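To start, the structure itself, in structure tokens.
The values are calculated or read from the model by the stated rules, or taken from the named source; none is laboratory data. Computed from a predicted model, the values in this text were never measured in an experiment. A quick note on method: Cβ atoms are made from the backbone with ideal geometry, for glycine too, and the neighbour counts reach across all protein chains shown. Surface accessibility is based on the protein's heavy atoms, side chains included, excluding ligands, DNA and RNA. Shrake-Rupley method; radii C 1.70, N 1.55, O 1.52, S 1.80 Å.
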Amino acid sequence: MTRIVRLADQLSAAVGWLCARLVVVMVAAGALGAGLRYLAPVLGITPALNAIGDVQWMLFSAVFLLGAAWALAEDAHVRVDVVYGRLSVRKRAAVDLAGTVLLLLPLCGLLAWASWPAVVESVALREEALDAGGLVRWPVKLLVPVGIGLLALQAVAQAVKAAAVLSGRAR
């Protein structure tokens, strides 16, 4: 089981590293789009603003979907620390284990079940943007089950870590 935990942590770290770089590209795409919107008339060019906008939201989607597992692994996710921060290590582990098993893993299952038909349809139709000059959309929709899978894998790893703390095998 520790091998799976290590694999999940390493995979989340690698994907988190990639997501950090995608944020820079996403910001650059937004700046490029904004700049071209004002410079294009002056330069006499017609930029593909729809494509640039598509790149930006696709990168945001990738960062959000793929980065969730990394945020969970690094304990960088949103948490209400009013009570949690005052708990002992063992009690925090119990809260983490219960939250993961009773909330996060079922949510991953529900998200996978609810999103799968839309992903399959998008891939089957080779979905493209409705805007002129937009990009194909089906590849980014494949990130939905990938992101859910990464999050579920990391959730299992976090549950194993919490159980180890509760059993006294880890701190």
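Here are some notes:
- For segment 11-55, the candidate set comprises residues that are of a type in the set (S, T, N, Q) and in a helix (DSSP H, G or I); within that set, the residue that is surrounded by the most Cβ atoms within 10 Å (Cβ to Cβ) is 12.
- Inter-residue pairs, beta-carbon under 6 Å, first in contact (Cβ under 8 Å) with a residue 60 or more places away in the chain and in segment 101-129, second of a type in the set (Asp, Glu) and assigned to a helix (DSSP H, G or I), 6+ apart: 129/54
- Of the residues making up segment 66-88, those that are surrounded by 11 or more Cβ atoms within 10 Å (Cβ to Cβ) and over 25 Å from residue 14 (Cα atoms) are 84, 87.
- Cβ-Cβ under 7 Å pairs, at least 6 apart or on other chains, segment 73-100 side over 20 Å from residue 149 (Cα atoms), far side open to solvent by 50 Å² or more (accessible area, probe 1.4 Å) and not in a helix (DSSP H, G or I): 89/171
- Which numbered condition residue 122 misses (of (1) touching a Lys or Arg at 6+ places or on another chain (Cβ under 6 Å); (2) polar (S, T, N, Q); (3) exposed (fewer than 14 other Cβ atoms within 10 Å of the Cβ)): (3)
- Taken together, the residues in segment 89-106 that are under 13 Å from residue 75 (Cβ atoms) and open to solvent by less than 60 Å² (accessible area, probe 1.4 Å) amount to 4.
- Number of residues in segment 138-169 that are surrounded by 15 or more Cβ atoms within 10 Å (Cβ to Cβ) and not in a helix (DSSP H, G or I) equals 0.
- All helices (runs of 4 or more DSSP H) inside segment 70-129 with 3 or more residues being within 17 Å of the chain's Cα centre (by Cα): 105-125
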